[in-house]
């Protein structure tokens, strides 16, 4: 019951999902739908993520720290430049995140619906 009440702040929010593992992306998409969020778009490669981060209309992004062996910090910088809130998703912990980005909320893989809801709410203004 508590999840339904807290998730209501996320209903209708448009989310950009940047994730290179298709199964994880699908799980995130399902979790977002369960929270009432709308999928604004997905990206699985750095170039695609950069393009969408710079131009797509969305409210918040979930950004995998590593796409195909490449760090997504340029995408994070593009999101910051646009003033778009985002969260990092990682299975490696926060140790590899540059100090300038340490304040960004992190969700640790594997995560559940409550974890995702909590970190998204923390990142939204």
For this session: For residues that are touching a strand residue (DSSP E or B) at 6+ places or on another chain (Cβ under 6 Å) and within 21 Å of residue 70 (Cα to Cα), scanning just the stretch 14-24, find the one that is surrounded by the fewest Cβ atoms within 10 Å (Cβ to Cβ).
Result: 20
Problem set entry | All positions within the stretch 58-86 that are touching a helix residue (DSSP H, G or I) at 6+ places or on another chain (Cβ under 8 Å) and farther than 19 Å from residue 48 by Cβ | 85
Seminar exercise, completed: Given the conditions (1) surrounded by 15 or more Cβ atoms within 10 Å (Cβ to Cβ); (2) in contact (Cβ under 8 Å) with a residue 40 or more places away in the chain, every one holds for residue 57 apart from (1)
For this session: Identify all residues within the stretch 90-107 that are closer than 14 Å to residue 28 by Cα and touching a helix residue (DSSP H, G or I) at 6+ places or on another chain (Cβ under 8 Å); write none if there are none.
Result: 107
Problem set entry | Scope the stretch 8-38; condition assigned to a loop (DSSP other than H, G, I, E, B) and under 10 Å from the mean Cα position of the chain (by Cα); matching residues | 19
Seminar exercise, completed: The one condition residue 37 fails out of (1) at pLDDT 95 or above; (2) loosely packed, with under 14 Cβ neighbours inside 10 Å is (2)
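The values are calculated or read from the model by the stated rules, or taken from the named source; none is laboratory data. The structure displayed is predicted, hence computed values, not measured ones. Counting neighbours? That spans all protein chains shown, and the Cβs are built from the backbone with ideal geometry, glycine included.
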